[in-house]
Amino acid sequence: MSFSTLGLSEPILRAIADEGYTEPTPIQKSAIPAVLAGGDLLAGAQTGTGKTAGFTLPILQRLLDASPAVSKAPRVLILTPTRELAAQVEASVRTYGKYLSLRSAVVFGGVGLHPQIEKLRRGVDILVATPGRLLDLHQQKALDLSKVSIFVLDEADRMLDMGFIHDIKKVMKLLPAQRQSLLFSATFSEDIKNLADKLLKSPQLIEVARRNKTAETILQKVHPVDRDRKQKLLSHLIKSGDWHQVLVFTRTKHGANKLVEQLGGDGITAMAIHGNKSQTARTRALAEFKSGDLRALVATDIAARGIDIDQLPHVVNYDLPNVAEDYVHRIGRTGRAGASGEAISFLTVDETRFLAEIERLTQQNLPQEVVPGFEADMNAQPMPIPMGRQYINGSLKKLNISGPPPRAARPASPSRPASKGRHQSAKPRQSRGA
Ligand code: AMP
């Protein structure tokens with residue numbers, strides 16, 4: 001099947017050809033006709049499936065087919081959970097719409113409000129936004145949402161994870177009742193289903209990769225390693241494998257910063273991307289990584305969400321995620337749209353439970369491979385994992401962590417001294433590190 005059979009006009013097909021795409025991906029084959037037909041859509045697709053083009057291409061077509069805009073207010077609103085994803089989606093809108101005379105803009109927090117107000121004042125057809133800044137702009141009376149005829153909620157699961165549910169509901173109230181709504185989500189929890197019930201009218205359901213399934217083009221393996229040898233193992237893999245572009249995930253911002261320093265000490269260029277970094281620093285790190293100037297980009301989950309890099313060859317879970325769904329999202333950065341990639345996870349004796357949860361969720365057993373010279377003692381005493389101001393238990397073995405952990409288990413440099421009552425007991429609350 002080629003793109004030309006999907007009902008897209010010549011200027012859009014030309015932009016697709018410029019990108020070198022010859023065939024629509026499965027989500028595109030289903031989503032493009034569904035969106036063109038004008039109904040609502042509930043799509044299950046993780047990042048890497050080509051979902052952005054899956055909604056952007058038919059939206060451009062619908063605007064092309066519609067009568068010209070009568071006001072300067074946006075006709076399409078695309079909401080994303082993170083700034084990076086917002087920027088990337090808008091870049092896609094510009095890429096696929098380069099032969100059209102439609103105007104797009106992206107608005108997100110962390111940068112000045114006034115240039116965004118100016119841009120909106122000049123007129124925008126397609127607006128890509130993160131929820132907080134969108135509501136700010138509306139409150140400042142800089143934004144009219146009454147002309148929105150197509151509304152897209154991208155990565156809805158992550159939006160809910162990030163606590164955006166109230167903002168989403170506020171945005172929904174500002175939109176005209178008569179509109180087309182599209183909801184994209186990698187996973188379907190009860191909360192997502194509830195949101196879909198409120199947002200969508202008789203939606204068409206499209207699900208490409210099975211729920212919580214990892215892409216088959218990704219070679220996944222696990223390297224058992226002792227906790228104090230993780231960093232040296234990473235440097236060894238990068239150097240011995242001659243890796244030039246590796247995305248590394250750590251559990252905490254502090255861990256990301258520390259690893260960047262240590263990699264630097266081993267002569268490996270690296271930068272961190274996480275919630276404490278300014279927008280400028282994040283954009284710079286991403287640009288240097290994409291251009292090949294940086295060998296390693298070290299990220300926490302939330303910051304890395306939506307990073308779109310073509311054919312990223314290596315992803316390393318330096319720390320296994322304590323929320324199993326994050327594993328699927330993380331390794332979705334590699335092996336995209338048919339390209340092959342490698343996802344490596346480090347496993348310490350402290351993280352065996354996280355691996356078991358990931359294997360249960362993705363319904364697979366990940367092969368474990370010991371790297372010679374880095375043999376791990378998997379019978380060692382597991383230790384609670386420091387995470388900000390609390391500790392979590394990632395071991396299948398029962399840990400007694402109701403009191404302060406043994407001296408050796410304390411993190412090397414928490415800003416506050418360990419105190420009683422701060423530690424998680426047997427069943428820890430799931431928490432995130434970004
Ligand atoms: P997404 O799932 O939207 O993050 O897209 C993943 C990657 O696939 C992006 O880098 C796109 O440039 C690429 N892509 C999207 N559609 C196609 C296609 N039909 N053929 C090849 N690559 C594609």
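The values are calculated or read from the model by the stated rules, or taken from the named source; none is laboratory data. The structure displayed is predicted, hence computed values, not measured ones. All Cβ positions, even for glycine, are placed from backbone atoms using ideal geometry, and neighbour counts span all protein chains on display. These area figures cover heavy atoms from the full protein model, side chains too; ligands, DNA and RNA do not enter into them. Shrake-Rupley method; radii C 1.70, N 1.55, O 1.52, S 1.80 Å.
Numbers at a glance
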quantity: Extended-chain gain in nm, criterion 0.36 nm per residue less alpha-carbon gap, LYS201 and ARG121; calculated: 25.6 nm
quantity: Over segment 90-177, volume per residue of the alpha carbon convex hull, in Å³; calculated: 108 Å³
quantity: Added length on full extension, which subtracts the Cα-Cα distance from 0.36 nm per residue, SER2 to ASN365; calculated: 127.1 nm
quantity: Angle in degrees between helix 230-240 and the longest Cα principal axis of the chain, rounded to the nearest 10; calculated: 70 degrees
quantity: From the C-alpha gyration tensor of segment 3-207, square roots of 5λ in Å; calculated: 24, 21, 16
quantity: Label point at ARG14 placed 7 Å out along Cα→Cβ; residues across segment 77-115 whose backbone nitrogen lies under 13 Å; calculated: 97-101
quantity: Percent RCO, i.e. relative contact order, over segment 247-306, from Cα pairs under 8 Å lying at least 6 residues apart; calculated: 46 percent
quantity: Cα shape, segment 218-392, gyration tensor, a/c 1.5 rule; calculated: rounded
quantity: Accessible area of segment 3-207 belonging to carbon and sulfur atoms, whole % at 1.4 Å probe; calculated: 51 percent
quantity: Förster-model FRET efficiency, 30 Å R0, SER240 and ARG389, C-beta, rounded to 0.05; calculated: 0.20
quantity: Helix-only mean residue ellipticity at 222 nm for the chain, each DSSP H run of n ≥ 4 adding -39500 (n - 2.57), per residue, nearest 500; calculated: -10500 deg cm²/dmol
quantity: Relative contact order %, the chain, counting alpha carbon pairs below 8 Å whose residues are six or more apart; calculated: 16 percent
quantity: Rough spin-label spacing in nm, given labels placed 7 Å along Cα→Cβ, for ASP65 and LYS232; calculated: 6.3 nm
quantity: Cα centroid of segment 172-196 to Cα centroid of segment 1-80, whole Å; calculated: 18 Å
quantity: On Cα atoms only, tilt of 253-265 relative to the major axis of the chain in degrees; calculated: 70 degrees
quantity: Order by protection proxy (mean Cβ within 10 Å, highest first), peptides 28-38, 79-89, 346-356; calculated: 79-89, 346-356, 28-38
quantity: Whole-number percent relative contact order across segment 3-207, with pairs defined as alpha carbons under 8 Å at least 6 apart; calculated: 29 percent
quantity: On Cα atoms only, tilt of 279-291 relative to the major axis of the chain in degrees; calculated: 90 degrees
quantity: Cα pair distances of the chain binned at 10 Å [whole percent]; calculated: 4, 21, 30, 25, 14, 6, 1
